[in-house]
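The structure appears right after this line, and notes come after that.
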Amino acid sequence: MLRKRFDYTPICSAAGCGADAIYKIAAPWSDGKSRELKNYGLACESHRDSQLARGKIHREGLRLAEGESVGPTGVYRLEPGAIDAKLSRLPDHDA
């Protein structure tokens, strides 16, 4: 059976925005077996820095289970059809 790829345009996570998201705010996460990006939100160009700051605050409050690790929160460029591991991390503007 041929699977049809699910495509959609994600929306910015900033309250009331509604613009297309072009960035994922995330941190590399692993439980020792699996690796992925822990999602802290999506952002358009206008809300990139504010969503990154919000993601960093949420990351600070994260409690890890034994064996889990989480890297620094950053900005990743969304690419249609790409899995988390293939997203490119971008420099932080707010540093």
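The values are calculated or read from the model by the stated rules, or taken from the named source; none is laboratory data. The shown structure was predicted, so the numbers you read here are calculated from the model rather than taken from an experiment. All Cβ positions, glycine included, derive from the backbone under ideal geometry; neighbour counts span all protein chains shown.
What number of residues within the range 55-91 are of a type in the set (D, E, K, R) and either touching an Asp or Glu at 6+ places or on another chain (Cβ under 8 Å) or modelled with pLDDT of 90 or more (or both)?
Of the residues in the range 55-91, the ones of a type in the set (D, E, K, R) are 56, 59-60, 63, 66, 68, 77, 79, 84, 86, 89.
Then drop every residue that is not either touching an Asp or Glu at 6+ places or on another chain (Cβ under 8 Å) or modelled with pLDDT of 90 or more (or both), which leaves 56, 66, 68, 77, 84, 86, 89.
Matching residues across the range 55-91 total 7.
Would the range 67-76 turn up any residue that is within 21 Å of Pro10 (Cα to Cα) and not β-branched (Val, Ile, Thr)? Full working, then the answer.
We begin by selecting, within the range 67-76, every residue within 21 Å of Pro10 (Cα to Cα); these are 73-76.
If we keep only those that are not β-branched (Val, Ile, Thr) too, we end up with 74, 76.
So far as the range 67-76 goes, yes, one or more of its residues are within 21 Å of Pro10 (Cα to Cα) and not β-branched (Val, Ile, Thr).
In the range 56-95, what count of residues is obtained for those that are in a loop (DSSP other than H, G, I, E, B) and surrounded by 10 or more Cβ atoms within 10 Å (Cβ to Cβ)?
12
Do we have any residue at all in the range 39-52 that's in a strand (DSSP E or B), surrounded by 12 or more Cβ atoms within 10 Å (Cβ to Cβ), over 10 Å from the mean Cα position of the chain (by Cα) and at negative phi?
Residues of the range 39-52 that are in a strand (DSSP E or B), as a first pass: 39-43.
Filter once more, so that each one left must be surrounded by 12 or more Cβ atoms within 10 Å (Cβ to Cβ): 39-43.
Restricting the remaining residues to those that are over 10 Å from the mean Cα position of the chain (by Cα) gives none.
No, every residue in the range 39-52 fails to be in a strand (DSSP E or B), surrounded by 12 or more Cβ atoms within 10 Å (Cβ to Cβ), over 10 Å from the mean Cα position of the chain (by Cα) and at negative phi.
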